Amino acid sequence: QLPLRQAVTELQPSAIRAFSAAVANIPGIIDLTVGEPDFNTPDTIKAAAVTSLEQNHTHYPPTPGTAELRQAIAAYLNEKYDLNYTADQTLATSGATESLWVSLYTITNPGDEIIIPTPAWPMYMSMVKAAGAFPVLVDTSSNHFVLSPELIEQTLAEHPNAKAIMLNFPSNPTGVTYTRDEVIALANVLKQHAIYVISDEIYAELTYHGRHTSLAELLPDQTILINGLSKSHAMTGWRFGMIAAPKFLAPSLIKVHQFTITAVPYIVQDAALAALTVGKNEAEPMLAEYKQRGALVHERMQAMGFEALAPQGVFYYFAKVPAWLKQTPSEFALALAHEQAVAVIAAESFGPGAEQYFRISYATSQDKLQLAMDRIEQYLADHR
Ligand code: PLP
């Protein structure tokens, strides 16, 4: 067997996907594992893709996105989050996942340190390692999962040459978001350092209380803003994401994107154009429903005695495995799946601060959620 890139040899496959696959065949399983909206893509967006095909938009598309699409990306982000981007600062990517990869690949040299506040989506750690860089994990659990100015100051003092920080709020996995004051306080610290901010705001439209504050509003010259349509518009299968970046950086991001995937498929670009224009508020009814589901889950989980914060956005609920159960999250998740046919994700792989937690994705119907809660209640009763 010939050797391959060491960083790749060391990478672990996604524990989330492995667990979902392992429990998928349990009869009657209620799957609360993956962040997959249960809504269908809105009709206007699907119609735009059909029209695109009828117009034979089946040839090579422009690499960064069509002119209309890039204009629409800028207009959408500017209107929603009070920003000032022009079309040439934008890039259409294959999901936010490619946005993250292109961003990391463009700015990191082998050995660079990338700060990641945790608990975090495990893909961040994997991607940083795959890019040949080192993740510096910062546990935020003592500050309700929000990176405080003190904590980032301390981290930057210990890692003065860190190349970038990867932030994500509203957050997968915690369901927590940052208040405007918290974003301002964080930005005030980051502003004083020569560090990129990779701000993954893919869940911005799913903010429960008030308006999302983007780091790009406060740090336009340092921020690589990442967003997408997978979650806000129930478009995970289309693979569409977007980047908005400082003017000096955008051409380099586009270069990397070109040799990564050439371009986003034309029909997806046309569908995204519809989503960002006529469909720009399609997230609203979904948001209202997610909010209700989050309240339902929180009420039931609290009644059962679980320790968890009230959901502030997205569709993730982050709760502690009760100490009296004497189970690690992995043991708990496995036993719950086999005994009660409810699949949740053990959070050990989400980094420091997540060791005792598990994550519920409540992107499923309220009926199913009630049933899942009944089963969790039964599990606790059986183990008391
Ligand atoms: N960023 C975060 C924080 C996520 O949770 C996810 C998906 O779960 C993504 C990015 C990936 O988004 P996409 O499907 O657009 O690649």
Those residues of region 163-201 that are hydrophobic (A, V, I, L, M, F, W, C), in a loop (DSSP other than H, G, I, E, B) and within 14 Å of the ligand (Cβ to nearest atom) come to a total of 2
Which count do you get for residues in region 297-317 that are part of a helix (DSSP H, G or I) and aliphatic (A, V, I, L, M)? 3
Check residue 61 against each of (1) farther than 16 Å from residue 205 by Cβ; (2) under 23 Å from the mean Cα position of the chain (by Cα) and name the one condition it does not meet. (2)
Could you check region 212-231 and list, in sequence order, the residues that are more than 10 Å from the ligand (Cβ to nearest atom) and either touching a Gly at 6+ places or on another chain (Cβ under 6 Å) or of a type in the set (Ser, Thr, Tyr) (or both)? 213, 214, 223
Can you find a residue in region 229-248 that is in contact (Cβ under 8 Å) with a residue 24 or more places away in the chain, surrounded by fewer than 23 Cβ atoms within 10 Å (Cβ to Cβ) and either of a type in the set (A, V, I, L, M, F, W, C) or outside the structural domain of residue 165 (by TED's automatic domain parsing) (or both)? yes
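Report those strands (runs of 3 or more DSSP E) wholly inside region 25-140 carrying at least 2 residues which are within 15 Å of the ligand (Cβ to nearest atom) and under 30 Å from residue 157 (Cβ atoms).
Values: elements: 90-93, 113-118, 134-139.
In region 25-140, the matching strands (runs of 3 or more DSSP E) lie at 113-118.
Conditions tested, residue by residue: (1) at pLDDT 95 or above; (2) among the hydroxyl-bearing types (Ser, Thr, Tyr); (3) closer than 15 Å to residue 296 by Cβ.
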| position | (1), (2), (3) |
| --- | --- |
| 324 | yes, no, no |
| 332 | yes, no, no |
| 347 | yes, no, no |
| 356 | yes, no, no |
| 359 | yes, no, no |
| 362 | yes, yes, yes |
| 371 | yes, no, yes |
| 379 | yes, yes, no |
| 384 | no, no, no |
So if I check each of 275, 250, which one is small (Gly, Ala, Ser), modelled with pLDDT of 95 or more, more than 21 Å from the chain's Cα centre (by Cα) and closer than 20 Å to residue 85 by Cα? 250
May I ask you to list the residues in region 264-296 that are touching a helix residue (DSSP H, G or I) at 6+ places or on another chain (Cβ under 8 Å), outside any helix (DSSP H, G or I) and crowded, with 16+ Cβ neighbours inside 10 Å? 264, 277, 279, 280, 282
So residue 179 passes all but one of these: (1) in contact with a Pro (Cβ under 7 Å, 6 or more places away or on another chain); (2) under 25 Å from residue 288 (Cα atoms); (3) β-branched (Val, Ile, Thr). Which condition number does it fail? (1)
Which condition from (1) touching a Gly at 6+ places or on another chain (Cβ under 8 Å); (2) over 25 Å from residue 166 (Cβ atoms) is the one that residue 73 breaks? (2)
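May I ask you to list the residues in region 335-347 that are part of a helix (DSSP H, G or I) and either within 16 Å of the chain's Cα centre (by Cα) or touching a residue at least 60 places away in the same chain (Cβ under 8 Å) (or both)? Quick ask: steps written out before the conclusion?
Within region 335-347, the first condition is being part of a helix (DSSP H, G or I), and the residues that meet it are 335-340.
If the condition is that a residue be part of a helix (DSSP H, G or I) and either within 16 Å of the chain's Cα centre (by Cα) or touching a residue at least 60 places away in the same chain (Cβ under 8 Å) (or both), then 337, 338 are the ones that fit.
The values are calculated or read from the model by the stated rules, or taken from the named source; none is laboratory data. Quick caveat: nothing in here was measured; it's all calculated off a predicted structure. Every residue, glycine as well, gets a Cβ built from its backbone with ideal geometry; the counts of neighbours run over all protein chains shown.
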